[in-house]
1. Could you calculate the FRET efficiency of R108 with L227 from 1/(1 + (r/R0)^6), where r is the beta carbon distance between them and R0 is 51 Å, rounded to 0.05?
2. Go through 415-422, 51-58 and give me the packing order, highest mean Cβ count within 10 Å leading.
3. Can you bin every Cα-Cα distance in the stretch 21-250 into 5 Å intervals starting at zero and give me the percent of pairs per bin, rounded to whole numbers?
4. Assuming R0 = 35 Å, can you tell me the calculated FRET efficiency for the pair H40 and E536, based on Cβ-Cβ distance, to the nearest 0.05?
5. In nm, give the distance between the simple-model label positions of V20 and R163, each being 7 Å from the Cα along the Cα-to-Cβ direction.
6. Return the lysines within reach of K198: Cα separation strictly under 21 angstrom, same-chain partners fewer than 8 residues apart disregarded; answer none if there are no such residues.
7. Highest mean first, what order results for 289-302, 251-264 on Cβ atoms within 10 Å?
8. Assuming R0 = 45 Å, what is the FRET efficiency of I120 and A27, from their Cβ-Cβ distance, to the nearest 0.05?
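Each value in this text was obtained by applying a stated rule to the coordinates, not by laboratory testing. What you see is a predicted model, and the numbers here were worked out from it, not measured in a lab. Note: ideal-geometry Cβ built from the backbone for every residue, glycine included; neighbour counts use all protein chains shown.
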Amino acid sequence: MTPASGRRLPAFARSTARLVRRVVVFARRRAVAFNELWKHSLQFRVTVSTLALSSAVVFVLGMVLQNQITERLLDTKRDAATAQTRAAAETAAGELVGLGGETAEAMRNRLENALKKIAITPTSQDAAGSAAGTFIPVLASGGHDQSRDEPAFAGPFENVPPRLRQFVEAEQTSYLEHTVPDANGGRTTYLIVGTPLKTVAVPLQLYLLFPLTTEQNTVSTVQNTLLVGGLVLLLLLAGITNLVVRQVVRPVRSAAAAAEQFAGGDLDQRLAVVGEDDLAKLAGSYNGMAASIQRQIRQLEEFGGLQRRFTSDVSHELRTPLTTVRMAADVLHASREQFPAGLARSTELLVDELDRFEALLGDLLEISRLDAGVEELSAEFIDVRPIATRAVEQVRVIAGNAGSSVELVLPDEEVPAEVDSRRVERILRNLLGNAVDHSEGKPVVLTVAADETTVAITVRDHGVGLRTGEEGLVFNRFWRADPSRNRRTGGTGLGLAISLEDARLHGGELDAWGAPGQGACFRFTFPRHQDIPAGEPPLALPPRDHIPGEVPLGIIEVTPAPEAIFAEREEVGQ
């Protein structure tokens, strides 16, 4: 091998490997595309399934028809060839009367003369004989008692197989299909029928070789016809199936598209009702259902609007008498030192409850605006750490009165984010006030952490905690875990519900975790940029300081109840 050829071989191997890789990649892409189309298209699945089953049926039917036609052709050929052989045997017996005692050369001459007589004599004029077609006669001497002698023969005796000669020499009329090479280098299949000449003194056998060329051509024509007809039939079945399935699938797709638009808020979306068949009944039923749902939704919207309007109107209307009562209460409170002890205490309680009443009115107005969807986010790109510091300072006095300390864990670097500082501060203030209320005098920790896309703030207390299943209730309006607990922050029961809505306005989430005796932890997660969704929270929930094995995990995404639930746990107000 030359160096040049040695270099060409690795290059050829590399090109072959690249070609194989391309073929594999192409096959994988086509397989993935086929799989996707199979999963998402009912029309494609039904068409392919019908085509596959039809192919199996057409294949089996074609094989049965081909076998039947071939067997009928061969049976007809055998019957005609057998009749032709019997007639030829009578002619040969008449020509070979007195045969025997001649030399081998003379016997061969008489056999050849008999073959010529058989070839030119119309031995059979009936339909069976004419159906046999052309033949090649062969005469040969021999028998069981002369099997070792060299037989005398006339005609292509070498084309007669030995196994057929054994049956004929045993005086049995037999036939056999045999393929022999021809002069052109091809191969020809013959139906060879052999019969003994019993009326001749010397044992002789007559063989007629009937070419099966015509039958083979007929079978090939039948095969081609069945193949072409089967392919055409499969294409027609695929087209018909596709057309029929399309008539069913198109209304279903229209119904699916209409349902998606209806679910997206287009309540006027309806289906066209064509005809009176089952699909028309389906479209009519869908339209009736959509109309009923639309009416109910509008009724609920009207009722919700009336409810929000009522809450807003009542809150506004109560402000005027509340202002008057507040002025009178302030006058009494300023002069409480001149009153008896019991009256002075009543004055202080009156002022405290008026403060709580004002906070409740403010929260009701805020929640009504959030429900109406009229609140907008006034976001600006600022550092989150000062917001957390202000929220801690606002609740530090309340925490001190409750015997709890508030710890603040901030990162060393700035945490800039696009937020509404007023709403974020309100969220943290509500979470801290709620934690102080349930901390049982233990420390409350506020932690701020951030990564490239997400900011997370957690408020952790080590108080009474939450029971299993309460993580999804703490954000319900007016919900309290323990109605008998004393209020320390004067909460209205709407603080956490408002905080949840504020978190959603920021595109974030507000999650809760808790366990009895292990305290609770609330996590506020929001994106640093409003146009970039938040990623994985940088702070874990449950917190890492909980006791594994003793704390049931209950992290869920919480949603507020549609109606106010006057229940158990109270959150801090605005």
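1. 0.55
2. 415-422, 51-58
3. Final binned percentages: 1, 6, 11, 12, 12, 10, 7, 6, 5, 5, 5, 5, 5, 4, 3, 2, 1, 0, 0.
4. 0.70
5. 4.4 nm
6. Counting by Cα, and skipping residues close in sequence, K198 has these lysines nearby: K116, K117.
7. By packing density, highest mean first, the sequence is 251-264, 289-302.
8. That pair, I120 with A27, gives E of 0.10.
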